[in-house]
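The values are calculated or read from the model by the stated rules, or taken from the named source; none is laboratory data. Just so you know, these numbers come straight off a predicted model, no measurement behind them. Cβ coordinates were reconstructed from backbone atoms using ideal geometry, including for glycine residues, and neighbour counts include every protein chain displayed.
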Amino acid sequence: MELTTDAYMTIPEIHGVFVDSILTDEADNLVFGSFWGRDTAIREFQGRLTLGLSEGGMTSFNVQGDNCHNQFRRVFTRIGNIESLEQVTGRVHTDILGELVHCWLYHREIIKPDMANHRALLISMDDESSNLWSLVKTICPVPLLDHWENKLIPELYNSGMIKSLNGINQTGKQIVIDEDQMALIVKNGCLDGSLTVSLLNSSL
């Protein structure tokens, strides 16, 4: 595997850790991050995430670097609740840098939606979120019909129940369904005819 540090972003607060993608929510809390480094650097990084500031820990860090258009980019990232983050590591042999450790940090709701609070996170490598509607239906406490998708998705964006996450080399959505608000949207849509029970009627 060929890998050079030139194409990767760095974390000024900790030496020897490189980042190829990062994703944060509207409060700058880490949602997903892909980190590379030698074993000692990754171990130091993981350790400092769990320590308090008085012990040399980190509650936030900066990710910065140049993109392919030579434009400087920077993402301020908060750790948020470390207990909500999963950590997965693996060793990778590279042709240039030898053995590196690849560490993924990601919010647990990416893998397991919070059904009780109707919350979920969806990540992808581009702007196409083909699984968005399926995930909305999964966590929504109000029954939804498939042919309502084109009507309801814009409503969910407008109401703030779907929000785009901030990131570099990664895109994602945060979904938080408000049961009362969603019930009202569906009710009003059925009353004004924009949402129909019959698929046949919706095409007329």
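Six or more apart or on different chains, Cβ atoms under 9 Å: show the pairs whose first residue is in the stretch 2-22 and outside the structural domain of VAL75 (by TED's automatic domain parsing) and under 12 Å from PHE45 (Cβ atoms) and whose second is surrounded by fewer than 13 Cβ atoms within 10 Å (Cβ to Cβ) and at pLDDT 95 or above.
Once the first residue is outside the structural domain of VAL75 (by TED's automatic domain parsing) and under 12 Å from PHE45 (Cβ atoms) and sits in the stretch 2-22, no partner that is surrounded by fewer than 13 Cβ atoms within 10 Å (Cβ to Cβ) and at pLDDT 95 or above comes close enough.
Given the conditions (1) at pLDDT below 95; (2) on the phi > 0 side of the Ramachandran plot, which single one is not true for GLU128?
So GLU128 meets the others, but not (2).
Just give me the residues in the stretch 18-59 being among the β-branched types (Val, Ile, Thr) and closer than 23 Å to GLN170 by Cα, in sequence order.
Selection gives VAL19, ILE22, THR24, VAL31, ILE42, THR59.
Hey, which of the helices (runs of 4 or more DSSP H) in the stretch 142-204, taking only ones fully inside, have at least 2 residues that are in the same structural domain as ARG119 (by TED's automatic domain parsing) and closer than 30 Å to TYR106 by Cα?
Qualifying helices (runs of 4 or more DSSP H): 149-159, 179-192.
Under 8 Å between Cβ atoms, which residue pairs at least 6 apart in sequence (or on different chains) link something in the stretch 44-64 that is hydroxyl-bearing (Ser, Thr, Tyr) with a partner that is surrounded by 17 or more Cβ atoms within 10 Å (Cβ to Cβ) and part of a strand (DSSP E or B)?
SER60/THR77
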